[in-house]
């Protein structure tokens, strides 16, 4: 059996497709090189047959044209288009869950790293939904009681070029947005007056010291 995915651009109806031979009882992954946003996808099978699941992985894009630049928006929310660039460790829980809506339902619904046996700290990098000025930060350690980080901090920068992989090294030298702050177990922490005035930024590096679990990270700000 052959399969072909046809993607339709919402603006100009542009179509792009590629056939690939399928195997029985297997996972098949197709890379998509198109950079523009799509709203619909049509999967064709040749000549016939069955498919158990079809998954489409991508990044959410919203139309910010008429957004109020004076209203606080969670620039770090995955539902607004933010995404995880990378992390050094996610042994017990994925770092991308920091960006999910709502509060965590349990410890599995949060970012948790392994216990460190060496110097240093754990970190993750978040690409914001839009460039903006961060005015308020929430760090939620809900459900993490004996395994929450002792402290946290944030670095931030306005990135205009490069690749996601190149940001890992660059982020080590970004300016400090939030200096080290003491954390408590199972609690929502809010930081506002503690934030440095860095102006518009596009990415943040969230540092936890030395390791542990955090349920959610919120980056409230205004659009640049």
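Quick notes on this one:
- Test: residue in the range 161-171 that is in contact with a helix residue (DSSP H, G or I) (Cβ under 9 Å, 6 or more places away or on another chain), surrounded by fewer than 20 Cβ atoms within 10 Å (Cβ to Cβ), free of Cβ contacts under 8 Å to residues at least 60 places away in the same chain and within 18 Å of residue 85 (Cβ to Cβ): yes
- Failed item in (1) touching a residue at least 60 places away in the same chain (Cβ under 8 Å); (2) not in a loop (DSSP other than H, G, I, E, B), with residue 64 passing the rest: (2)
- Condition met for residue 126 (part of a loop (DSSP other than H, G, I, E, B), surrounded by 14 or more Cβ atoms within 10 Å (Cβ to Cβ) and touching a helix residue (DSSP H, G or I) at 6+ places or on another chain (Cβ under 8 Å)): no
- Qualifying residue in the range 142-155 (condition: over 20 Å from residue 210 (Cα atoms), surrounded by fewer than 22 Cβ atoms within 10 Å (Cβ to Cβ) and either in the same structural domain as residue 200 (by TED's automatic domain parsing) or touching a strand residue (DSSP E or B) at 6+ places or on another chain (Cβ under 8 Å) (or both)): no
- Each residue in the range 191-214 was checked for being in contact with a helix residue (DSSP H, G or I) (Cβ under 8 Å, 6 or more places away or on another chain) and either more than 14 Å from residue 97 (Cα to Cα) or in a loop (DSSP other than H, G, I, E, B) (or both), and 2 of them qualify.
- Residue check for residue 99: within 17 Å of residue 167 (Cβ to Cβ) and assigned by TED's automatic domain parsing to the domain that holds residue 200: yes
- Screening the candidates 177, 217 for the property of being within 20 Å of the chain's Cα centre (by Cα), in contact (Cβ under 8 Å) with a residue 40 or more places away in the chain, farther than 21 Å from residue 97 by Cα and assigned to a strand (DSSP E or B) yields one hit, 177.
- Qualifying residue in the range 40-58 (condition: within 12 Å of the chain's Cα centre (by Cα), modelled with pLDDT under 95 and not assigned by TED's automatic domain parsing to the domain that holds residue 187): yes
- Which numbered condition residue 67 misses (of (1) surrounded by fewer than 20 Cβ atoms within 10 Å (Cβ to Cβ); (2) in the same structural domain as residue 145 (by TED's automatic domain parsing)): (2)
- Residue selected from the range 182-201 under the condition in contact with a strand residue (DSSP E or B) (Cβ under 8 Å, 6 or more places away or on another chain) and within 18 Å of residue 146 (Cα to Cα), by the criterion surrounded by the fewest Cβ atoms within 10 Å (Cβ to Cβ): 182
- Selection from the range 16-29 of residues that are under 24 Å from residue 81 (Cα atoms) and either surrounded by 10 or more Cβ atoms within 10 Å (Cβ to Cβ) or modelled with pLDDT under 85 (or both): 16
The values are calculated or read from the model by the stated rules, or taken from the named source; none is laboratory data. The shown structure was predicted, so the numbers you read here are calculated from the model rather than taken from an experiment. All Cβ positions, glycine included, derive from the backbone under ideal geometry; neighbour counts span all protein chains shown.
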